[in-house]
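Participant: Can you read through this structure? Questions will come right after.
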Amino acid sequence: MYLFSRITFNGVIKRFILADLMLWAGWGLIAPIFAVFVLNQVQGATVVTLGIVAALYWILKSIIQIPVAFAIDRTTSERDDYLMLVISLILGGFTAFSFILVRELWQLYLVESLHAISFALYIPAWSGMFARHLDSRHRALEYALDSAAVGIAMGVTGLVGGVLVNSLGFSAVFLIASVLCFISAIIIFYSPDIIFPHRRRDPSTLSVTDHTPRNLGK
């Protein structure tokens, strides 16, 4: 506690860690019960289906996130990163909710494809903006804090997800996961020094603020 009392973190990093925590906490609810959901709720699903779904997610996400990262890196502005990040979180929330409606294999594959797309957008956008706002003296610590927060959140929600399914059913878990994703989007949307830095200004003058370091790339 003494160590952390002597360290200050900028507001953007705090909000990004909180948003990341909320997102992964939501998907942490789903992770331990997903296989049971597929086998019990999706018509015609087998253990092979689980393998197909895993392959679909990881391969599609890996392929898409590379061109997304290239597109983001084409400019030094934060506007494209920011918009991509908000879109990815909204899509992630919609995807988590959509699992409630899945009953057939094609629906499962479609929703899992949306899941892959949402994270293919999220990972490059979040990583780029987080890295840009790191405090120069605490880079490793801030990455470690994010990793620790996400790990603890997923550990706790993994247990909670199992309990909730047992008492309330799958739909409740997917709904809560969706809400957590949307909360993450709201946190990013209202992050200080990224958007709406002066909330009392005329709404017509509000814009995304660019905080790209002037010497970036030199």
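The values are calculated or read from the model by the stated rules, or taken from the named source; none is laboratory data. Here the structure is a predicted model, which is why all the values come from computation and not from measurement. A quick note on method: Cβ atoms are made from the backbone with ideal geometry, for glycine too, and the neighbour counts reach across all protein chains shown.
Participant: Looking at the range 73-88, is at least one residue acidic (Asp, Glu), assigned to a helix (DSSP H, G or I) and under 19 Å from the mean Cα position of the chain (by Cα)?
Facilitator: yes
Participant: Being surrounded by 15 or more Cβ atoms within 10 Å (Cβ to Cβ), of a type outside the set (D, E, K, R) and within 22 Å of ILE183 (Cα to Cα), is that true of even one residue in the range 68-82?
Facilitator: For the range 68-82, residues surrounded by 15 or more Cβ atoms within 10 Å (Cβ to Cβ), of a type outside the set (D, E, K, R) and within 22 Å of ILE183 (Cα to Cα): present.
Participant: For the condition part of a helix (DSSP H, G or I) and crowded, with 18+ Cβ neighbours inside 10 Å, what is the one hit in LEU159, LEU108, LEU141, LEU134?
Facilitator: LEU108
So that you can scan it fast, the table gives a plain yes or no per residue for (1) surrounded by 14 or more Cβ atoms within 10 Å (Cβ to Cβ); (2) part of a loop (DSSP other than H, G, I, E, B); (3) among the aliphatic types (A, V, I, L, M); (4) modelled with pLDDT of 90 or more:
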site	(1), (2), (3), (4)
ASN166	no, no, no, no
VAL173	yes, no, yes, yes
ALA177	yes, no, yes, yes
SER184	yes, no, no, yes
SER204	no, no, no, no
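Participant: Something else about it: Please go through the range 160-195 and pick out each residue that is farther than 20 Å from LEU89 by Cβ and touching a residue at least 24 places away in the same chain (Cβ under 8 Å).
Facilitator: Within the range 160-195, VAL160, GLY162, LEU164, VAL165, PHE170, SER171 meet the criteria.
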